[in-house]
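This report concerns only the one structure given below.
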Amino acid sequence: GTWPDDENGVAKMFDLLELGLRSGVEVLDVESAWDPVRTDAILSMAEDRYSSLILGSHHKVPDEVSMEKAVGYFRQCHLSGRAHGAKVVLSIDDEENDTMADDAGKIAQSLCRAEGKPVIPNISLILGEIGQYSRIINERFTPVTHESLPSVAAPGQLSAKQILQQKLDC
């Protein structure tokens, strides 16, 4: 979510995505809001020659968005049916909205089911300490840190041990 999204930054990201494919990564995280022509090219390359799974992602920080927009981001992350999973990272202003990402992901899945479209797994995250609960209730693939690392990779990130302890305490 902190990668530069200017023209040069986007070009470098697509170079890295191609390198990832050629290197045989298991999961390729493709930002859904970037250049659609380059996105189509990398997805076509993945489909034609590689076995990497595609994770469509969207990072909407630092501003809080409506539930409708959040649902739209999950749907956008489906990359027109070409993604195997969707990851949306949101920000919130009020702790009462700490399930917003999870709720939006479930609504998007329900809409896909109703439309007869594939339902893919979601990674639903909210940044910061205020969003740590989203990491605890997230059902799949929650990005984690490790206690021995000097810092976390994202604001509010927890270790697997912390998440499991919170689940046991609930």
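The values are calculated or read from the model by the stated rules, or taken from the named source; none is laboratory data. If you're wondering where the values come from, they're calculated on a predicted model, not measured in any experiment. Cβ placement follows ideal geometry from the backbone for every residue including glycine, while neighbour counts extend to all protein chains displayed. Heads up: the accessible areas ignore ligands, DNA and RNA and are worked out on the full protein's heavy atoms, side chains in. Shrake-Rupley method; radii C 1.70, N 1.55, O 1.52, S 1.80 Å.
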| note | Heavy-atom accessible area of the chain with neighbours in place, 1.4 angstrom probe: carbon+sulfur share in percent works out to 52 percent
| note | Relative contact order of the chain (C-alpha contacts under 8 Å, at least 6 apart) in percent is 15 percent
| request: Using only the Cα atoms of the range 70-170, build the gyration tensor, take square roots of its eigenvalues as a ≥ b ≥ c, and label the shape rounded, prolate or oblate: rounded if a/c is under 1.5, else prolate if a/b is larger than b/c, else oblate. | output: prolate
| task | Let me know the number of lysine pairs in the chain closer than 17 Å at the Cα, not counting same-chain pairs under 8 apart. | result | 6
| field | Mean separation of Cα contacts under 8 Å, 6 or more apart, over the residue count of the range 1-81: relative contact order % | value | 30 percent
| request: State the answer as a single residue: which of 62, 156, 30 lies farthest towards the positive end of the charge dipole of the chain, with beta carbon charges of +1 for Lys and Arg and -1 for Asp and Glu, about the Cα centre. | output: 30
| request: Just check the chain against the gyration tensor rule for me: Cα atoms, a ≥ b ≥ c as the square roots of the eigenvalues, rounded for a/c under 1.5, and otherwise prolate or oblate depending on whether a/b exceeds b/c. | output: prolate
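In the range 77-170, which trypsin sites (Lys or Arg not before Pro) fall in coil by DSSP and have 12 or fewer other Cβ atoms within 10 Å? Intermediate values should be presented prior to the final figure.
On the way: sites: 82, 87, 106, 113, 135, 140, 161, 167; in loops: 82, 140.
Loop-located and lightly packed - 140.
At 1.4 Å probe size, with every protein chain present, just tell me what the per residue accessible area of the chain comes to in Å².
Details: 9720 Å² over 170 residues.
On a per-residue basis, the chain sits at 57 Å².
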| query | Hey, what did the range 94-156 get for relative contact order, percent, Cα under 8 Å, at least 6 apart? | reply | 33 percent
| request: Report, in deg cm²/dmol and to the nearest 500, the calculated mean residue ellipticity at 222 nm for the chain, where each DSSP H run with n ≥ 4 adds -39500 (n - 2.57) and the sum is divided by the residue count. | output: -13500 deg cm²/dmol
| So what's the gap between the Cα centers of the range 1-70 and the range 103-169, to the nearest angstrom? | 19 Å
